[in-house]
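Let me begin by presenting the structure, written as structure tokens, before commenting on it.
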Amino acid sequence: MARKKLQRPIAAMAKKIREYRALKNRPRESQRFALDYETMRRPLTQKRLPVRAWEDARSENRLFALLCRLPHFGVGRTVTRKSWLWAHDEPCYWVITKVKADYTAENMDHGRAWGYLTFRGKTEEEVREIDKVMYHDWRMVPKHEEEAFKKFTPVPEETIRYLPYPPLLRAMILAQWQKEGKPITEEPMIDLEKV
């Protein structure tokens, strides 16, 4: 006969209380990502920012540093990143739909935001959480420039229909043609539409 499992309600309650206290005492995002701009260190972990990031950290803004100045935290506005502007010719931006600010943070420059992502001219259908909000390279697109910034005509992609055979396979095909007595007038090519 199997032993009956003992009920230990006090131990279970103590475990729940320990988990709750650990959850409550964990550092908030505003504490984890806080930055001392003089030493370029995070006060909580004492980790130093990479030297390459110092200039951006001093001159550029985090996403919530931009949004906290706007009415309704910038819902409906368009934001982009400096790195996207440098790397891509196509428009890359977020249209903000929902913001959840951390009101306990100093200057209210922390929190979470959601929106529609348009990356390299292709807009996603569903709302998703904006990632990398703590990076110091966010820029607000001014209202009067939003329409021109979003305007994009996709360049038609060139489709390749024929490709040359790899060298060994090409040599085998040419040898086969020569063996069959076919005249070798053109280069053997792979038709991609048939494949």
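The values are calculated or read from the model by the stated rules, or taken from the named source; none is laboratory data. Keep in mind that this is a model prediction, so the values were computed, not measured. Note: ideal-geometry Cβ built from the backbone for every residue, glycine included; neighbour counts use all protein chains shown. Remember, those area values only see protein heavy atoms, side chains included, never the ligands or the DNA or RNA. Shrake-Rupley method; radii C 1.70, N 1.55, O 1.52, S 1.80 Å.
One line per residue, one yes/no per condition, for (1) in contact with a strand residue (DSSP E or B) (Cβ under 7 Å, 6 or more places away or on another chain); (2) not charged (D, E, K, R):
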position	(1), (2)
SER59	no, yes
VAL75	yes, yes
ARG81	yes, no
TRP94	yes, yes
ASP102	yes, no
LEU117	yes, yes
Boolean, ALA53 is of a type outside the set (Phe, Trp, Tyr), more than 26 Å from TYR103 (Cα to Cα), under 24 Å from the mean Cα position of the chain (by Cα) and surrounded by 12 or more Cβ atoms within 10 Å (Cβ to Cβ): yes
Qualifying residues in the range 26-45 (those that are among the hydroxyl-bearing types (Ser, Thr, Tyr) and without any contact (Cβ under 8 Å) to a residue 24 or more places away in the chain) - the one farthest from HIS110 (Cα to Cα): THR39
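For every residue, the table says whether it meets (1) without any contact (Cβ under 8 Å) to a residue 40 or more places away in the chain; (2) under 15 Å from HIS136 (Cβ atoms).
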| site | (1), (2) |
| --- | --- |
| ALA11 | yes, no |
| ILE17 | yes, no |
| LYS24 | yes, no |
| LYS47 | yes, no |
| GLU55 | yes, yes |
| LEU67 | no, yes |
| VAL75 | yes, no |
| PRO91 | no, no |
Those residues of the range 172-188 which are out of contact with any strand residue (DSSP E or B) (no Cβ under 8 Å at 6 or more places or on another chain), among the acidic types (Asp, Glu) and under 21 Å from TYR162 (Cα atoms), in sequence order: GLU186
Pick from the range 3-43, criterion of a type in the set (Lys, Arg) and closer than 22 Å to LEU63 by Cβ, ranking: least open to solvent (accessible area, probe 1.4 Å): ARG42
Strands (runs of 3 or more DSSP E) completely within the range 102-195 that count 1 or more residues being of a type in the set (D, E, K, R), within 20 Å of GLU90 (Cβ to Cβ) and open to solvent by 100 Å² or more (accessible area, probe 1.4 Å): none
Qualifying position, being basic (Lys, Arg) and modelled with pLDDT of 90 or more, among ARG128, ARG161, ARG139: ARG128
